[in-house]
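> One structure follows; several queries about it will come next.
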Amino acid sequence: MAKAFTEDDPDGDGKDNTIGLTDRNDLIYGSFKTIASWFGTPNYWGGEKDGEIVPQFMYPEYIETMDFIKKLHENGYMNQDFLVTSKEDQTEMFKNGTAGLYVGSMSDVKAMYDDASKINPDVEYDVQNYVEGPHGGEYGIWSIPGFGSLMLFPKSSVGSEEELKNILEFYDYLMTPEVANLALWGGEEGVHYELIDGRAKVIDQTKYDAEVRPYKIFEIGEPETSGKYEPYNEYEPAIKAIELEKDNENYLIKDPTVTLDSETYAKNAGQLDQIISDATYQYMLGEMDEDGFQAAIKKWEEAGGSDVLKEFNESLKNQ
């Protein structure tokens, strides 16, 4: 598909001005980590070999993913400057028709379509989740632990158990349907939103942005826990995206180190991650071969990575 978007003149203008994939300088929320899932790569430290935690970049599937991206890049099937491309520039290439493929959050499809249709009223988008890898294995998709924020109530700010209970009672109140919908959709049905088939639709986006959006900071929980209304969509790909996101929960690749401890990684994660990030980009750009990548892994181990693996595995055994 990436080849066709690049070579088959999809916009019919007779010019060589389209590419397949648009990507950005982000190995996690760009294309790389999702494509790595399709190849069967573990999630972060998500694999266990012979009962031991092993990081994703020590698996052959990680190498296969790099080879795939490298091939796309060498053939011109993706933006050549993805290493320095921002998310804004990445999405702009998709909206203006320069690129035909975008790997990212499916829930973004409605906002992207709204922008793209202003450029080309005939634009058509679709979403897809289930992409099987080259080995015929079951589809999988990397996941985050499931919490988006953490609330802390330090003793220096909360003076007593009674005060803490009052604060927690307030947070419980934020998760009632009444308050959750007030923070998310506005104060009154028919003013800020209308209900269609039990789902909320914003009536006036400008009014909503000015009067409601600032209060979204108080939104806590999901519809299943707070009873808040889910958004109404008329745009078919957006409706499909919601269903496919739910379907993805059947195929999650989890990171088993979420509940494990490594003091070395807590202190040196930035430095250690940068070694592998740099090597990954160099490999995909053809500036490093597999021997060079293995040398980078050795450098990672000597910089503290070996201690990280030891500490994670000791934490795993102590669970």
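The values are calculated or read from the model by the stated rules, or taken from the named source; none is laboratory data. The model shown is predicted, which means the values in this text are computed figures rather than measured ones. Please note: Cβ atoms are built from the backbone with ideal geometry, for glycine as well, and neighbour counts cover all protein chains shown. The accessibility values were calculated without ligands, DNA or RNA, using every heavy atom of the protein model including side chains. Shrake-Rupley method; radii C 1.70, N 1.55, O 1.52, S 1.80 Å.
> If you average 1/r over all unlike Cα pairs in the range 129-243 and invert the result, what Kirkwood radius do you get in angstrom?
One decimal place: 17.2 Å for the Kirkwood radius.
> Explain nothing, just compute: Karplus ³J(HN,Hα) = 6.51 cos²θ - 1.76 cosθ + 1.60, θ = phi - 60°, for every residue of the range 132-143 in order, whole Hz, x for Gly and Pro.
Couplings: 7, x, x, 9, x, x, 5, 4, x, 9, 5, 9 Hz.
> Moving to a separate point now. Can you give the extra length, in nm with one decimal, that the chain gains between residue 29 and residue 1 once fully stretched, where that is 0.36 nm per residue apart less the Cα-Cα distance?
Result: 7.9 nm gained on full extension.
> Okay, next question. Can you tell me the length gained on complete extension of the stretch residue 268 to residue 120, counting 0.36 nm per residue apart and subtracting the Cα distance?
48.6 nm
> Something else now. With all protein chains present, how much of the accessible area of the range 107-174 (probe radius 1.4 Å) comes from carbon and sulfur, to the nearest whole percent?
The C+S portion of the solvent-accessible surface of the range 107-174 is 52 percent.
> Taking K and R as +1 and D and E as -1, what net charge do the other residues with C-beta under 11 Å from the C-beta of residue 76 add up to?
-1
> Kindly provide the pair-distance distribution of the range 188-290 built from C-alpha pairs, with 10 Å bins from 0 and whole-percent values in order of increasing distance.
Values per bin, smallest distances first: 11, 22, 23, 21, 19, 4, 0.
> How long are the semi-axes of the equivalent ellipsoid of the range 140-197, taking √(5λ) for every eigenvalue λ of the Cα gyration tensor, in whole Å from largest down?
Semi-axes, largest first: 30, 22, 8 Å.
> May I have the extent of the alpha carbons of the range 259-319 along their three principal axes, as whole Å values ordered from largest to smallest?
42, 19, 19
> Show me 28-34, 166-172 ranked by packing, highest mean number of other Cβ atoms within 10 Å first.
28-34, 166-172
> Another question about this same structure. Please list, or write none, the lysines whose alpha carbon is within less than 25 Å of the alpha carbon of residue 254, excluding same-chain residues fewer than 8 places away.
Here the lysines satisfying the reach criterion relative to residue 254 are 33, 49, 240, 246, 267, 310, 317.
> Right, here's the next one. What list of ³J(HN,Hα) values in whole Hz, one per residue of the range 207-215 in order, does the Karplus curve 6.51 cos²θ - 1.76 cosθ + 1.60 (θ = phi - 60°) give from phi, with Gly and Pro shown as x?
Result, ordered by residue: 5, 5, 4, 7, 10, 10, 3, x, 8 Hz.
> Please report Rg (one decimal) and Dmax (integer) in Å for the Cα set of the range 1-102.
Taking only Cα atoms of the range 1-102, I get Rg and Dmax of 15.6, 56 Å.
> Based on the alpha carbon coordinates of the range 59-173, what radius of gyration and maximum Cα-Cα distance (Dmax) apply, in Å?
22.2, 65
> How much space per residue, in cubic angstrom, does the convex hull of the C-alpha atoms of the chain take up?
In the chain, the Cα hull volume divided by residue count equals 180 Å³.
> Under 5 Å between amide hydrogens, which residues at least 5 positions from residue 253 or on another chain qualify, with H placed 1.01 Å from N in the peptide plane?
141, 142, 143
> If you don't mind, there's one more thing I want to ask. I'd like the Karplus ³J(HN,Hα) series for the range 303-311: coefficients 6.51, -1.76, 1.60, θ = phi - 60°, whole numbers in Hz, and an x wherever there's a Gly or Pro.
Taking θ as phi minus 60°, the curve returns 7, x, x, 4, 5, 4, 4, 4, 5 Hz for the range 303-311.
> Arrange the peptides 40-46, 62-68 so that the one whose residues have, on average, the most other Cβ atoms within 10 Å appears first.
The peptides rank, most packed first, as 40-46, 62-68.
> Gap in Å between the Cα centre of the range 112-180 and the Cα centre of the range 1-23?
Measuring centre to centre over Cα atoms gives 34 Å.
> Grab the Cα-Cα distance for residue 130 and residue 246, subtract it from 0.36 nm times how many residues apart they are, and report the gain in nm with one decimal.
Result: 40.6 nm gained on full extension.
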